[in-house]
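The values are calculated or read from the model by the stated rules, or taken from the named source; none is laboratory data. A quick note: this is a predicted structure, and the numbers were derived from the prediction, not measured. Every residue, glycine among them, receives a Cβ derived from its backbone with ideal geometry; neighbour counts consider all protein chains shown. Protein only, heavy atoms only, side chains kept; ligands, DNA and RNA dropped before computing areas. Shrake-Rupley method; radii C 1.70, N 1.55, O 1.52, S 1.80 Å.
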Amino acid sequence: MRKKEVIDWDGTWQYIAKGDLKGWTEVQICSAQEQALRTNYMIFHFDHLEESPLCRMCGSKGETVAHVVSECSNLAQTI
């Protein structure tokens, strides 16, 4: 049986409530969490304004939030 995690909901939003973040930074963090950043992929498919949905950094896959955060070879840390 899997043990349930206890989530500290008050602490989860504490970084926003304290006001240490600038408004723009808060918006970007929340947008990334909601997969709502204005990436080339979104602009191409929804607004039809971008010529290509591919990543600006590597050009190999669609520029989605998941790709930028964890898949892009040019943005990934190297050892």
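List of remarks:
- The residues in the stretch 32-56 that are assigned to a helix (DSSP H, G or I) and touching a Lys or Arg at 6+ places or on another chain (Cβ under 8 Å) can be counted, and the count is 1.
- Only one of G59, G11 that is on the phi > 0 side of the Ramachandran plot and either open to solvent by less than 40 Å² (accessible area, probe 1.4 Å) or assigned to a helix (DSSP H, G or I) (or both): G59
- Tally, over the stretch 17-26, of residues that are loosely packed, with under 13 Cβ neighbours inside 10 Å and hydrophobic (A, V, I, L, M, F, W, C): 2
- Of the residues making up the stretch 62-79, those that are open to solvent by 50 Å² or more (accessible area, probe 1.4 Å), in a loop (DSSP other than H, G, I, E, B) and among the hydroxyl-bearing types (S, T, Y) number 2.
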